[in-house]
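Here's the structure, in structure tokens; my notes come after.
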Amino acid sequence: MSTPPSHVVGVGADLLADAVEGQAVPVTRVDWRPPMAGTEADLATVATDPRRREANDGALAAMLATSATLVDVGPASEVLGLERGQFLHAGPPIGWDRTSGPLRGALMAGAALEGLVDDPEDAVALFEGGDGVSLEPCHHRATVGPMAGVVTPSMWMFVLEDPATGRRTHCSLNEGLGKVLRYGAYSPDVLERLRWMSAVLGPLLRTAVRASDPVDVTGILTQMLQMGDEAHNRNRAGTLMLLRDLAPAMATSGADHANVAASLRFIGGNDHFFLNLAMPACKLALDAARDIDGATMVVAMARNGTDFGIQVSGTGDEWFTGPAQVADGLFLGDYGPDDANPDIGDSAITETAGIGGFAMATAPAIVRLVGGTVPDALATTRRMHEITLGENPRWTVPVLDFQGVPSGIDVTRVCRTGILPQINTGMAGKRAGVGQVGAGLVTPPAEIFPAALAALAARVPR
Amino acid sequence: MTTSTTRDHVEVRKGAYADSVALLQLSRTVQGIPGIVTAQVAMATPLNLEVLAQMGFAVPADATPQEMVVALRMADDAPATVVAAAEDAITTALTTRAPSTAAGVAPPRTTASALRGTVDGVVLVSVPGASALVEAMDAVDAGRDVMVFSDNVPVEQEVALKRAAAARDVLVMGPDCGTAVVGGLGLGFANATSPGPVGLVAASGTGCQQLLCLLDHASVGVSHALGVGGRDLSAPVGGLSTRAALARLDADPSVELIVLVSKPPAAGVAAEIEAYAAGLDTPVELAFLGPGRPDLTAAAESALRRLGADVPAWPVHLPTHPRASGGGHLRGLFVGGTLCDEAMLVAGAALGPIRSNIPLSPDLALGPDLTADTHTMVDFGDDALTAGRAHPMIDPTLRLEQLARTAADPSTGVLLLDVVLGHGAEPDPAARLAPALAEVAQPVVVAVVGTAHDPQDLDRQVRALVGAGAEVHLSNAAATRRAVALTIGDPE
């Protein structure tokens, strides 16, 4: 202590930082700005919670320690116990009366797929009446679903497991792009594809997965982040690595050669196939961080097309919701902003885990797809480090000198900086039946973070 | 290949990942550590495990490709610390990156973010009081000492912050800490002094500055001046930072004498702190300012005597044409709260009760116009007058406006002011104050708290003020006594 400090961090008045620099000691100046309106008292209360530091360290460590392996594939009726008339959907809880177009379209397709109605259009009356049908968030059943996220009993699901604990999460098989159920399409070709996936693709994948060593999904994510995928809007390398792992067992499965070829072609032709493994891998990791008293880390971000909701480790299963926003980006064909539905899907679980929009710097190939530039992408990943608790040593970004991706969104830091999590997303048409209309960038509604902060503050022991 | 002259160390690190190029570089770095014969740091892929086996290492059977293997072979006579040295080198290489100085990289937005990747340094917080705790807690979380310059921090937040800091062995200087010197570096408002045998612990910023300047004038240096905040010795806070600061100074062998300067602590706290101080190896001079107690100048003199140093005559600069008082009241206009307090204690003993915005007793409080038809002293640095504006040591406007009104008041007999120099303060306070004083008809006495090394140039400031007709002292107590003498018409 006899020598002067090597360096000073100055937050506040520049004049005081100038005075230190005038004594030839370097100063790192914090670009401090007032926190989100009305949060000062709650921020102070949460900062003085004696449990906070250890709780957040524990939450982050639990998330980072989780490994996800693909251990099985099976119908939702079997792996989730989903019964006829039960529908899972993306995002926080919602009733039919408040559902948006794409979620309605997906539910209508699901009802027809399960034979509850013959014509998807007839499902409107079914859901309005409500007899024999129920809606529940995927997140409440250890599941995540992209876009509308609708899961019905006959859909086949990936089953991921953390080998250390045996905990499991699930996700449906990816249907591809364009007119697909998850974007709210319900035309006959959509249903036909879903029936083929349940009849051919799912059983073949089950045979292959059961015959192979468990596929190390977390390890593939490590690799694909170094190959230009951010694992939300670009999953090309991940999809090919999955094929590499499963193709031998698919070829030797004894299944009809034409079906094997069709399945290989389907997976190889769908650059987003791996998304439905990235998402449950992220959920598996984030579920490990749930329910830690005092932890201010976000464990889920999800949208149902109407509401954007978050869940936080220290506040249990409570959802903090606000209106979902419309993404800003590029549109397919003649579609424009007026055709887009507000943000939808559980896929923001990738950003919650530090990839997707948070790892934009590693995916320069798609920055234009979502309407950005390479410098924007680098700045976005750096900015996300301002609102996260730490870095993921397994998931690194080569162009940022192998810095780990920003991991563990901290509600307090979002409120302090006003920086909102950056999400890369596809855009669904707002009318039921349209399908995808574009892709872009979106953020949560700001007000859900002060709401979560207030709930955390209310739980601080007095 | 293992021979009788070497031994191996093999460990598996879970959750660590680096690419093979980085790991080859790292392996080479580790091989360069004295005592290491060969080293291989690699992800535990089947290929790498085969290489390790060929090298003769006992490869852990259950390692997976997601885990990192550290295999070290060292000479039998290598020191026991060589493994730790290698592990440190690996951890450092995996967690540190070249400083990113690239243009366009946005600055950190929180203290926590600014501290990421650093290993030392102190934090200086001066954001609005409602947000100060949150930034300071980032420093405590990171195990760094923090000075909280901000005022208007609720006392319960101060207690919570200091309890968290105590648990982590972190020193919190403040809140409302205007002055600190850490290893010679001035933080906040601090005078430029030389290192020396004195360590200060101060619950008051300008009280600390007065001591720094008096000791400097006596050619006695100060190693550290650790501020603790004006409320630290109150009953709710209980001296948490004072104890931490005393412990720090006691542990520094360059400190021969500790001086603790504060208002009188709360009754229970005083006894605890005195007992704590008595248990230290380093002697502690307690300078508690209050009625019937020694003033700051007397405390400085006492410290000098304990160190065996000479007590000099404190400098006084007289104007060429002294003004006579036409009778009336003493009016003090201060930027330093402790200097204002001290002046009230010294003057009150001779003049009777003095009204103030920081009164010695509640019945002496001034109204919002800061005037009364008696002796008054105003502290322009008080929280109530700084909310929403800069401290008067940075922005003198408020005091200059009140100076004009007070000088125009026929009941004002004598004016007493302080001017505080040093890092952080106005670059040239006399530039606006001297012309204003030149317009004043009454006698003016100014305490200029500064050292010859301060950036404002002490001599030039003193000359400008004396040229404007003021009498200038280094000692605030001496300046006050002189102002009292002028007020009662007994110019000594």
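The values are calculated or read from the model by the stated rules, or taken from the named source; none is laboratory data. Just so it is clear, the structure is predicted and the values come from calculations on it, not from any experiment. Cβ coordinates were reconstructed from backbone atoms using ideal geometry, including for glycine residues, and neighbour counts include every protein chain displayed.
A:Leu60 passes all but one of (1) under 20 Å from B:Val140 (Cα atoms); (2) facing chain B (nearest Cβ under 7 Å); (3) touching a strand residue (DSSP E or B) at 6+ places or on another chain (Cβ under 9 Å); which number fails?
Status for A:Leu60: all satisfied but (2).
Name the residue that is surrounded by the most Cβ atoms within 10 Å (Cβ to Cβ), counting only residues in the stretch A:126-139 that are in contact with a Leu (Cβ under 8 Å, 6 or more places away or on another chain) and closer than 30 Å to A:Gly219 by Cβ.
This residue is A:Cys138.
Which one is modelled with the lowest pLDDT, of the residues in the stretch A:387-400 that are closer than 17 Å to B:Ser113 by Cβ and outside any strand (DSSP E or B)?
A:Leu400
Among the residues of the stretch A:394-434, which ones are acidic (Asp, Glu) and without any contact (Cβ under 8 Å) to a residue 60 or more places away in the chain?
Narrowing the stretch A:394-434 to residues acidic (Asp, Glu): A:401, A:410.
Matches in the stretch A:394-434: A:Asp401 only.
Pick from the stretch A:421-445 the residues that are over 19 Å from A:Ala231 (Cα atoms) and of a type in the set (Val, Ile, Thr): which of them is nearest to the other protein chains (Cβ to nearest Cβ)?
My answer is A:Val437.
What's the number of the condition A:Ser154 fails, among (1) surrounded by 20 or more Cβ atoms within 10 Å (Cβ to Cβ); (2) closer than 25 Å to A:Gly309 by Cα; (3) modelled with pLDDT of 95 or more; (4) touching a strand residue (DSSP E or B) at 6+ places or on another chain (Cβ under 8 Å)?
Answer for A:Ser154: the failing condition is (2).
In the stretch A:387-420, what count of residues is obtained for those that are away from chain B (no Cβ under 12 Å) and surrounded by fewer than 24 Cβ atoms within 10 Å (Cβ to Cβ)?
The qualifying residues number 1.
Starting from residues that are in contact (Cβ under 8 Å) with a residue 24 or more places away in the chain, buried (at least 21 other Cβ atoms within 10 Å of the Cβ) and facing another protein chain (nearest Cβ under 7 Å), keep the ones in the stretch B:110-125 and report whichever is farthest from the chain's Cα centre (by Cα).
The qualifying residue farthest from the chain's Cα centre (by Cα) is B:Thr110.
Condition first: within 29 Å of the chain's Cα centre (by Cα) and at positive phi. Now tell me which residues in the stretch B:451-472 satisfy that.
B:Asp457
Scan the stretch A:8-55 residue by residue and report those that are facing another protein chain (nearest Cβ under 7 Å) and at positive phi.
A:Gly12
Quickly run through the stretch A:370-386 and pick out the residues that are more than 9 Å from chain B (Cβ to nearest Cβ) and assigned to a helix (DSSP H, G or I).
Here is the first cut: in the stretch A:370-386, the ones more than 9 Å from chain B (Cβ to nearest Cβ) are A:370-374, A:376-377, A:380-381, A:384.
Answer for the stretch A:370-386, where residues must be more than 9 Å from chain B (Cβ to nearest Cβ) and assigned to a helix (DSSP H, G or I): A:Val374, A:Asp376, A:Ala377, A:Thr380, A:Thr381, A:Met384.
Yes or no, residue by residue, for (1) part of a helix (DSSP H, G or I); (2) surrounded by fewer than 19 Cβ atoms within 10 Å (Cβ to Cβ); (3) in contact (Cβ under 8 Å) with a residue 12 or more places away in the chain:
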| position | (1), (2), (3) |
| --- | --- |
| B:Ala270 | yes, yes, yes |
| B:Arg293 | no, yes, yes |
| B:Pro312 | no, yes, yes |
| B:Gly332 | no, no, yes |
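Among what's in the stretch B:209-252 and is of a type in the set (S, T, N, Q) and within 14 Å of chain A (Cβ to nearest Cβ), pick the residue that is nearest to B:Leu185 (Cα to Cα).
Ranking the candidates gives B:Ser223 first.
So, in the stretch A:51-94, how many residues would count as being under 17 Å from the mean Cα position of the chain (by Cα) and not in a helix (DSSP H, G or I)?
Counting residues in the stretch A:51-94 that are under 17 Å from the mean Cα position of the chain (by Cα) and not in a helix (DSSP H, G or I) gives 9.
Within the stretch A:67-88, is there a residue that is at the interface with chain B (Cβ under 9 Å from one of its Cβ atoms) and touching a Gly at 6+ places or on another chain (Cβ under 9 Å)? Explain how you work it out, then say what you get.
Within the stretch A:67-88, the first condition is being at the interface with chain B (Cβ under 9 Å from one of its Cβ atoms), and the residues that meet it are A:67.
Filter again for touching a Gly at 6+ places or on another chain (Cβ under 9 Å), leaving A:67.
Checking the stretch A:67-88: at least one residue is at the interface with chain B (Cβ under 9 Å from one of its Cβ atoms) and touching a Gly at 6+ places or on another chain (Cβ under 9 Å).
May I ask you to say which residue of A:Arg210, A:Arg195 is within 16 Å of A:Ala76 (Cα to Cα), basic (Lys, Arg), touching a residue at least 60 places away in the same chain (Cβ under 8 Å) and not assigned by TED's automatic domain parsing to the domain that holds A:Gln422?
Within the list A:Arg210, A:Arg195, the selection yields A:Arg195.
Name the single residue that is surrounded by the fewest Cβ atoms within 10 Å (Cβ to Cβ) among those in the stretch A:140-149 being of a type outside the set (A, V, I, L, M, F, W, C) and out of contact with any Cys (no Cβ under 6 Å at 6 or more places or on another chain). Spell out how you get there, then give the answer.
Keep residues of the stretch A:140-149 that are of a type outside the set (A, V, I, L, M, F, W, C), which gives A:140-141, A:143, A:145-146, A:149.
Filter once more, keeping what is out of contact with any Cys (no Cβ under 6 Å at 6 or more places or on another chain): A:140-141, A:143, A:146.
Details: A:His140: 11, A:Arg141: 17, A:Thr143: 28, A:Pro146: 29.
My answer is A:His140.
Please go through the stretch B:160-183 and give me each residue that is closer than 13 Å to A:Ala47 by Cβ and either more than 11 Å from chain A (Cβ to nearest Cβ) or surrounded by fewer than 24 Cβ atoms within 10 Å (Cβ to Cβ) (or both), ordered by number.
B:Ala160, B:Arg163, B:Ala164, B:Ala165
Out of (1) crowded, with 20+ Cβ neighbours inside 10 Å; (2) more than 8 Å from chain A (Cβ to nearest Cβ); (3) of a type in the set (Gly, Ala, Ser), the odd one out for B:Gly186 is which?
(2)
Filter the stretch B:1-49 down to residues that are more than 11 Å from B:Val69 (Cβ to Cβ), touching a Pro at 6+ places or on another chain (Cβ under 8 Å) and within 14 Å of chain A (Cβ to nearest Cβ) and give me whichever is modelled with the highest pLDDT.
B:Pro46
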